[in-house]
Structures are given as C-alpha cells and as structure tokens.
Amino acid sequence: MSNSRILPEFELLAPKTMSEAVDMAARYGDRATVLAGGTDVIIMLEKNAVKPEYVIALGEIPDLDYITYSKADGLTIGALATAYQLVQDKKVKKKYPALWQAAASLGSPQIRNAATIVGNILRASPSGDCCCAMLALGGSVVLESTSGRREVSIDDFFIDYGKIERREDEIAVELKLPPVEDASTSAFLRMTRMTFDLSKVSAAVSLQMSGKKCKAVRMAMGAVAPTAIRIKKAETMLEGVTITEKLLSDVAATVSRQVKPIDDVRSTADYRREVSGVLAKRVIKAACNV
Ligand SMILES: Cc1cc2nc3c(=O)[nH]c(=O)nc-3n(C[C@H](O)[C@H](O)[C@H](O)COP(=O)(O)OP(=O)(O)OC[C@H]3O[C@@H](n4cnc5c(N)ncnc54)[C@H](O)[C@@H]3O)c2cc1C
C-alpha cells in the first residue's frame with residue numbers, strides 16, 4: 001500500500017440535497033466513496049486504501065449537522081454533526097456521558113472540528129471511540145437509499161473488520177440513541193500511548209442502577225477484536241446483582257478471557273488482553289462514581 005500526499009484522481013460530486021446524494025450513490029455504487037469530515041477518507045485516499053472514481057461530499061447539504069434530544073425519542077445526531085458540536089452539547093454530556101467522553105477524546109481539537117460522529121461509526125474502525133461508546137449505549141443507524149429509509153440496530157451494524165451493514169447505494173442520514181432513564185449512567189475510557197493517539201484499548205458501559213444494584217447493563221470494548229464488540233459475558237455477570245469489588249475483579253478476569261486482540265503498531269495482543277480487564281473494571285467504577 002503506497003502512501004503519498006498526492007491524492008489519486010477522482011470526480012468530486014457535491015450534492016445539495018440528500019435525495020441528490022442517494023441518487024448518486026445508487027448510480028455509482030462501489031465506484032463512489034462518501035465523504036463527510038474527510039479525516040478518515042483523505043488518509044485512505046492518500047494511502048491508496050480506496051480508489052474511487054467518484055467522491056460524494058456531503059458538506060453542501062444544509063441542516064444535516066443537528067443534534068437533538070427529547071424524552072420520547074432520545075438523542076438524534078445528523079450526518080454532519082461533528083465531535084466538536086457534540087462536546088459542546090450539555091444534554092449529551094449529562095445524559096450520554098460515554099458518548100460525550102468518546103467524542104471529547106477523539107483526536108485533537110482540529111480533528112474534532114472536522115470529524116463527524118456518523119463518520120466515526122461508518123468508518124467502523126475497531127479503535128473508533130464513538131463505535132465503542134455507541135455500542136454500549138445502544139441505538140441505530142438510519143440509512144437512506146432511493147427506495148427509502150431503514151434503521152439498523154448498532155448491535156447488527158459492525159459485521160467484521162471494514163465490513164458494515166450498509167449497502168453501496170445507501171447514505172447514513174443520522175444516528176438514534178434511546179432515551180435514558182434517570183437511574184441510568186454511562187462512561188467511556190481509553191488507553192493510548194499519547195493523548196492524540198488512537199486507542200490501544202477502549203471500554204464503555206451503560207448501566208441502569210437501583211442503589212448499588214445493577215438492573216440492566218450494556219458493555220463494549222474497542223481495539224480488542226476486528227470490530228468494537230459487546231462483552232455479553234460481563235453483562236450477564238453484572239445484571240440483577242449488587243456491584244462489589246469481588247464482582248468487578250471477576251468481571252475483569254472474564255473480559256480478559258473473552259477479548260481476542262491482535263499485535264499491531266499500537267500494542268501487543270498480550271498487553272491488550274491484560275489491560276482490557278483492568279479498563280473494564282475502571283469504566284464501571286467511573287460510571288457508578290465509586
Ligand atoms: C490525526 C487523526 C487522529 C484521529 N484520532 C482519532 C481518535 O482519537 N479516535 C477515533 O475514533 N478516531 C480518530 N481518527 C479517525 C477519524 O477522525 C474519525 O473516525 C472521524 O470521526 C471520521 O469522521 P469524518 O467525518 O472525518 O469521516 P470521513 O473521513 O468523511 O468518513 C469516514 C468513513 O465513513 C464513511 N461515511 C462518512 N459519512 C457517511 C455517511 N453519511 N454515509 C455513508 N458513509 C459515510 C466514509 O465513506 C468513510 O468510509 C483520527 C484521524 C486522524 C487523521
């Protein structure tokens with residue numbers, strides 16, 4: 001794979017409406033790449049990791065950068081809402097701290113200004129911070145094509161490394177996260193070599209608590225498998241019981257056994273396996289404030 005600052009040639013398409021964009025996606029299929037903030041796409045083009053004939057840039061479609069919350073519908077994040085916007089949103093910080101923390105730790109201020117939350121989910125990197133957080137919070141990706149819209153649960157969205165539940169003729173319009181109850185809490189943590197690096201390991205949890213008892217839980221980890229993954233064995237251990245130090249140590253051991261990390265430039269598999277349990281324990285404590 002060559003790496004150059006010179007981009008390959010492609011035709012840049014700038015639809016003015018979502019309906020124009022999905023027409024283009026239908027017409028060009030796998031010959032086109034969608035571009036939102038471009039912080040992943042430009043790198044992929046530079047590395048020749050993608051060689052599209054067409055790039056469908058969404059930036060000129062108006063009013064796609066919304067972030068809305070209602071008690072009935074929960075959180076909705078438009079395709080052009082950036083990590084910076086999400087971090088500025090007080091409702092997100094209060095009600096969806098795991099996603100807020102993931103967006104706040106994503107890259108540098110310059111990257112957060114351009115990077116969209118939807119782009120992070122659609123890139124589906126195993127170390128994508130919002131992928132891990134959203135998997136713990138639950139929700140869905142809304143995809144549009146010329147035949148209409150469909151909603152895919154985040155649980156079914158990440159299929160394998162670089163493989164997502166999106167057809168080539170579809171464009172992601174928004175993300176939906178369910179409303180949160182008053183007794184709900186969540187957190188996201190990641191380990192990096194330096195602050196701006198991608199995660200070596202990340203963990204996110206969302207819990208519904210009744211005092212110290214956990215009524216419901218979703219837990220996810222990043223950079224320990226080909227995609228961000230739910231840690232269902234840990235969820236089963238936590239659900240319906242009181243959270244104690246002993247339980248958290250058992251959860252940590254289970255997490256380290258369940259993950260299947262690889263060696264790469266950022267870390268070794270052994271290190272990732274070891275610290276994933278520690279991070280799992282810490283993220284639960286961070287969510288419960290203990
Ligand atoms: C220096 C640097 C640091 C970074 N640090 C981090 C980090 O700490 N944590 C982290 O998680 N990521 C990090 N990233 C990766 C990147 O910034 C994020 O993944 C970002 O959220 C991608 O959003 P974007 O809008 O730039 O997406 P783009 O680059 O525009 O697109 C990303 C992918 O999603 C697809 N896509 C985007 N929008 C749509 C849509 N609406 N419909 C269909 N497909 C779509 C594109 O085709 C592409 O495959 C970093 C990148 C750089 C360059």
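Throughout, read-outs are computed from the coordinates displayed, never taken from laboratory work. This is a predicted model, so every value here is computed, not measured. In this analysis, Cβ positions are derived from the backbone assuming ideal geometry, glycine residues included, and neighbour counts consider all displayed protein chains.
Computed quantities for the displayed model
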{"read-out": "Taking SER186, SER199, SER256 and counting other C-beta atoms within 10 Å, the order from fewest to most", "value": "SER256, SER186, SER199"}
{"read-out": "Inter-part distance where segment 1-43 and segment 255-277 are each reduced to a Cα centre, Å", "value": "34"}
{"read-out": "For segment 45-55, Karplus couplings with θ = phi - 60° (6.51, -1.76, 1.60), whole Hz, Gly/Pro x", "value": "5, 4, 8, 6, 6, 10, 10, x, 7, 10, 10"}
{"read-out": "Principal axis dimensions, largest first and in whole angstrom, of segment 11-58 by Cα", "value": "30, 19, 13"}
{"read-out": "Ranked LYS95, LYS215, criterion: other C-beta atoms within 10 Å, fewest first", "value": "LYS215, LYS95"}
{"read-out": "Leading residue at positive end of dipole, the chain (Cβ point charges), from ALA83, MET18, MET194", "value": "MET194"}
{"read-out": "Rule-of-thumb Rg ratio for segment 184-288 [Cα; 2.2 N^0.38 Å; N residues]", "value": "1.02"}
{"read-out": "Approximate spin-label separation THR244-THR195, in nm, with each point projected 7 Å along Cα-to-Cβ", "value": "4.0"}
{"read-out": "Theoretical FRET efficiency, 1/(1+(r/R0)^6), r = Cβ-Cβ of THR17 and TYR161, R0 30 Å, to 0.05", "value": "0.35"}
{"read-out": "Nitroxide proxy distance, nm - points 7 Å out along Cα→Cβ at THR236 and GLU168", "value": "4.0"}
{"read-out": "Geometric extent, Cα atoms of segment 16-104 - Rg, Dmax (angstrom)", "value": "15.6, 44"}
{"read-out": "Unit Cα scatterers, Debye sum, segment 67-177: log10 I(q)/I(0) for q = 0.10, 0.15, 0.18 Å⁻¹", "value": "-0.25, -0.58, -0.85"}
{"read-out": "P(r), alpha carbons of segment 1-149 - 10 Å bins starting at zero, rounded %", "value": "11, 39, 35, 14, 1"}
{"read-out": "P(r) of the chain over all Cα-Cα pairs, binned every 5 Å from zero, in whole percent", "value": "1, 6, 12, 17, 18, 17, 13, 8, 5, 3, 1, 0"}
{"read-out": "Gain upon complete extension [GLN110, ILE6; 0.36 nm per residue less C-alpha separation]", "value": "35.3 nm"}
{"read-out": "Value of [θ]222 nm, deg cm²/dmol, for the chain, DSSP H segments ≥ 4, -39500 (n - 2.57) each, nearest 500", "value": "-10000 deg cm²/dmol"}
